[in-house]
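The values are calculated or read from the model by the stated rules, or taken from the named source; none is laboratory data. Bear in mind that the values here come from a model prediction, so they are computed numbers and not experimental data. We place every Cβ from the backbone using ideal geometry, glycine too, and count neighbours over all the protein chains shown. In case anyone asks, the SASA skips ligands and DNA or RNA and just uses the protein heavy atoms, side chains included. Shrake-Rupley method; radii C 1.70, N 1.55, O 1.52, S 1.80 Å.
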Amino acid sequence: QVQLVESGGGLVQPGGSLRLSCAASGFFFRFYAMSWHRQAPGKERELVAAITTDGSTTNYIDSVKGRFTISRDNAKNTVYLQMNPLKPEDTAVYYCKAVRAVGASTGREYWGQGTQVTVSS
């Protein structure tokens, strides 16, 4: 079964940090570009950070540049999002996404279940 299992979310004060993890199984992780998305109440889901299959290239939305770092460990089938320092406007449900970037099935997508990140004092 395909699974993207997220962990590391929770409640944190402004200026604090969190490290989200997304553990993948049931598919060829190395063929998939990975990304993190978030959706705040009443807002559209937005892409936050993305990383290529081999981790050689990363991209971020402007609002998180310098604060968030996406990384992946292909040996562990895991992608991470280090968030520091956090701001109240980072409060959202964060989702892990896998998109196949290699082969005839390019474009196939999988989503994690989402995990809540709340930044509040």
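At a glance:
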{"read-out": "Residue count for region 72-94, restricted to those that are within 10 Å of residue 29 (Cβ to Cβ), of a type in the set (A, V, I, L, M) and assigned to a strand (DSSP E or B)", "value": "1"}
{"read-out": "Any hit, region 38-58, residues being under 24 Å from residue 119 (Cα atoms), acidic (Asp, Glu) and in contact with a helix residue (DSSP H, G or I) (Cβ under 8 Å, 6 or more places away or on another chain)", "value": "no"}
{"read-out": "Selection within region 1-30 - open to solvent by 30 Å² or more (accessible area, probe 1.4 Å), over 11 Å from residue 98 (Cα atoms) and in contact with a Phe, Trp or Tyr (Cβ under 7 Å, 6 or more places away or on another chain)", "value": "9, 19"}
{"read-out": "Within region 31-45, considering residues that are open to solvent by 70 Å² or more (accessible area, probe 1.4 Å) and free of Cβ contacts under 8 Å to residues at least 60 places away in the same chain, the one farthest from the chain's Cα centre (by Cα)", "value": "42"}
{"read-out": "Residues that are aliphatic (A, V, I, L, M) and under 14 Å from the mean Cα position of the chain (by Cα), drawn from region 46-84", "value": "47, 48, 49, 50, 51, 61, 64, 70, 79, 81, 83"}
{"read-out": "Count - residues of region 74-121 that are in contact with a helix residue (DSSP H, G or I) (Cβ under 8 Å, 6 or more places away or on another chain), open to solvent by less than 80 Å² (accessible area, probe 1.4 Å), modelled with pLDDT of 95 or more and not hydroxyl-bearing (Ser, Thr, Tyr)", "value": "9"}
{"read-out": "Of all residues making up region 1-30, the number that are within 15 Å of the chain's Cα centre (by Cα) and among the basic types (Lys, Arg)", "value": "1"}
